[in-house]
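One structure is given below, encoded as structure tokens.
The values are calculated or read from the model by the stated rules, or taken from the named source; none is laboratory data. Small disclaimer: the values here were computed from a predicted structure and weren't measured. For neighbour counting, all protein chains shown are included, and Cβ atoms are generated from backbone atoms with ideal geometry for every residue, glycine included. Side chains included, ligands, DNA and RNA excluded: accessible areas come from the protein's heavy atoms. Shrake-Rupley method; radii C 1.70, N 1.55, O 1.52, S 1.80 Å.
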Amino acid sequence: MEKDIETILWTEEAITQRLTQLASQITADFKSTPSSPILLGVATGAFIFLADLVRNINLPVSIDFIRASSYGSSTLSNGAPTFALDLKLDIQGKHVIVVEDIVDTGNTLYCLIAHLKSKGASSVSVCTLLDKPSRRKVKFELVGNGKYYCGFECPDYFVVGYGLDFAERYRNLPFIGVLKPEIYK
């Protein structure tokens with residue numbers, strides 16, 4: 001798999017260091033709230049990031065998953081995310097932190113935030129491993145006193161590793177790297 005990587009953007013060590021900083025910030029921001037936050041992992045890409053993040057947050061938290069997809073086996077979002085798996089937990093009046101692998105066009109996050117707001121979340125924050133603002137097409141607004149936590153700003157490359165995939169492959173790489181274009185063309 002590593003032979004398919006053009007360059008490594010973030011090493012395992014850099015990811016771990018930034019993840020620890022994000023977890024500390026979330027702990028500080030939510031330590032005085034009356035109820036513990038619910039971390040909502042966007043499956044499947046965020047599962048590794050969510051697992052490592054949760055182990056570093058020093059608060060009692062609940063965890064749930066939602067399955068959203070707008071890529072399929074393509075390198076471009078189709079612009080119309082679908083939710084194949086919905087929440088199990090009741091989020092009425094709760095603080096929700098959406099944990100994403102990457103925020104790209106913003107379509108999925110826009111739809112997801114609206115969905116969570118309709119279910120009565122008192123606040124919706126976002127914690128994303130990667131943010132690709134150069135590709136943003138939709139502006140999303142957080143709910144309540146929601147906050148935006150970002151691991152790294154990603155250049156406009158197609159990246160894989162640490163949960164991010166191409167056609168369900170490369171998720172298990174311990175780093176984030178640029179996939180060679182000949183692999184996906």
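Here are a few things to note about the model shown:
- The test for being within 16 Å of the chain's Cα centre (by Cα), open to solvent by less than 30 Å² (accessible area, probe 1.4 Å) and among the basic types (Lys, Arg) holds for Lys132.
- Residues of region 126-185 satisfying the condition of being closer than 22 Å to Ser24 by Cα and among the polar types (S, T, N, Q): Thr128, Asn145
- Residue pairs meeting the criteria (Cβ under 7 Å; at least 6 apart or on separate chains; first under 16 Å from Phe152 (Cβ atoms), in region 13-36; second of a type in the set (Gly, Ala, Ser)): Arg18/Gly151; Leu19/Gly151; Leu22/Gly151
- Taken over region 1-54, the criterion of being within 16 Å of the chain's Cα centre (by Cα) and basic (Lys, Arg) is satisfied by Arg18 alone.
- Considering region 140-150, and only residues there that are touching a strand residue (DSSP E or B) at 6+ places or on another chain (Cβ under 6 Å) and of a type in the set (Phe, Trp, Tyr), the residue that is surrounded by the fewest Cβ atoms within 10 Å (Cβ to Cβ) turns out to be Tyr148.
- Of everything in region 162-185 that is over 20 Å from Val99 (Cα atoms) and of a type in the set (Val, Ile, Thr), the residue that is modelled with the highest pLDDT is Val178.
- Residues of region 151-161 classified as open to solvent by 20 Å² or more (accessible area, probe 1.4 Å) and either in contact (Cβ under 8 Å) with a residue 24 or more places away in the chain or of a type in the set (Ser, Thr, Tyr) (or both), total: 5
- Candidates Ile48, Ile38, Ile63, filtered to the one that is open to solvent by less than 30 Å² (accessible area, probe 1.4 Å) and at pLDDT 95 or above: Ile38
- Any hit, region 162-174, residues being of a type in the set (Gly, Ala, Ser) and open to solvent by 10 Å² or more (accessible area, probe 1.4 Å): yes
- Conditions (1) in a helix (DSSP H, G or I); (2) exposed (fewer than 14 other Cβ atoms within 10 Å of the Cβ): number failed by Asn58: (1)
- Among the numbered conditions (1) in contact (Cβ under 8 Å) with a residue 60 or more places away in the chain; (2) at positive phi, the only one that Gly144 does not meet is (1).
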